[in-house]
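Working notes for the structure below.
The values are calculated or read from the model by the stated rules, or taken from the named source; none is laboratory data. Predicted, not measured: the structure shown is a model, and the values here were computed from it. All Cβ positions, even for glycine, are placed from backbone atoms using ideal geometry, and neighbour counts span all protein chains on display.
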Amino acid sequence: MKNKIPHYFNEKQNVINLVIYTAIYAELFILFFAPFKSRTWVENDWQFLFWVTVVVLVAMGVIAISRTIMYHHAKHHDISIIAYACWILGEVSAMALIYSIFPFTVLPDFTTQKGLTFFALFQEALLDTLFILLIPYTIITLVCIIKSKNQHIQELTHQYKENISPNMYIFYDEKGELKLSVRPEMLYYIEAADNYIEIHYMANGKMQTLLVRNSLKRIETQFYNTQLVRCHRSYIVNIGNVQLLKKTNRELMIDFSIENLPNIPVSKGYSNIITELFSQTVQNETLPS
């Protein structure tokens, strides 16, 4: 899918920052500007502070639930910019709906006295909520875009370094710090682990695992056109170390023939390319030198 949002938009820390910063900004904004003519709904400032806090907590709850759903959805599906914009509009609409229902259920006499209709209140709540969230959402979006641009520059730098050292696979974390340099024949597979990757390689005759904060997608891009090949949404394998392909319960499995090393599943979408690359590797190994 084209025009996907950067992965930073859906990182746990950025989601937490969004909820916290939005809550603080919304609390201060409502206290100072009192949208919806809300200060006239209560008798004193303490009551106003209490209800503002309730309103902000509702907003935090909606955002937290929404972003949790988005976080798990993004693990299996790409999110386009248009879909992300619609998601934000859904969050705003959900909050506006709650804010509109609240006066009619908690303060029915007040809404009747003021001649408020649900549609008019919802329309005002939608516009005011959108305006309140505009600044914190914009700030978080800009931060994510800047991070994405910086990551792209780092990836180009890494690719250049890889071309300089073709006999080594060099791994960096998302900040560009060197974490591992390993010979190709010593590397077996890379596994996605939330916002991290697990690199499985041989050292001193034993299998080792290194956890690095990075994404499988960036690793796939960095090592494009090498023996590191994507075979599953959660795995990249070193096709040069694959010893056997076998079909188990309708699923193609990769076997490295190494004790205590698990078989790696191959998704249907990758089965043809994995089979073809494995066949080419076997043919190259059997050709006379």
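Remarks
- The residues of the range 197-206 that are farther than 21 Å from Val266 by Cα and buried (at least 16 other Cβ atoms within 10 Å of the Cβ) amount to a single one, Met202.
- Taking the range 217-248 as the range and being in a loop (DSSP other than H, G, I, E, B) and either among the aliphatic types (A, V, I, L, M) or touching a residue at least 24 places away in the same chain (Cβ under 8 Å) (or both) as the test, the residues that pass are Phe223, Thr226, Gln227, Arg233, Ser234, Val242.
- Taken as a whole, the range 217-231 holds no residue that is within 27 Å of Gly205 (Cα to Cα), acidic (Asp, Glu) and at pLDDT below 85.
- Taken over the range 44-87, the criterion of being over 30 Å from Ala193 (Cβ atoms), surrounded by 12 or more Cβ atoms within 10 Å (Cβ to Cβ) and of a type in the set (S, T, N, Q) is satisfied by Gln47, Thr53.
- Residues that are modelled with pLDDT of 75 or more and either charged (D, E, K, R) or crowded, with 18+ Cβ neighbours inside 10 Å (or both) within the range 26-43 comprise Ala26, Glu27, Phe29, Ile30, listed in sequence order.
- Within the range 199-216, the only residue that satisfies the criterion of being within 11 Å of Leu180 (Cβ to Cβ) and either in a helix (DSSP H, G or I) or of a type in the set (Gly, Ala, Ser) (or both) is Ala203.
- Hits in the range 244-272 (condition: polar (S, T, N, Q) and either farther than 18 Å from Gly205 by Cα or touching a Lys or Arg at 6+ places or on another chain (Cβ under 6 Å) (or both)): Thr248, Asn249, Asn263, Ser267, Ser271, Asn272
- Restricting attention to the range 228-251, the residues being buried (at least 18 other Cβ atoms within 10 Å of the Cβ) and within 27 Å of the chain's Cα centre (by Cα) number 9.
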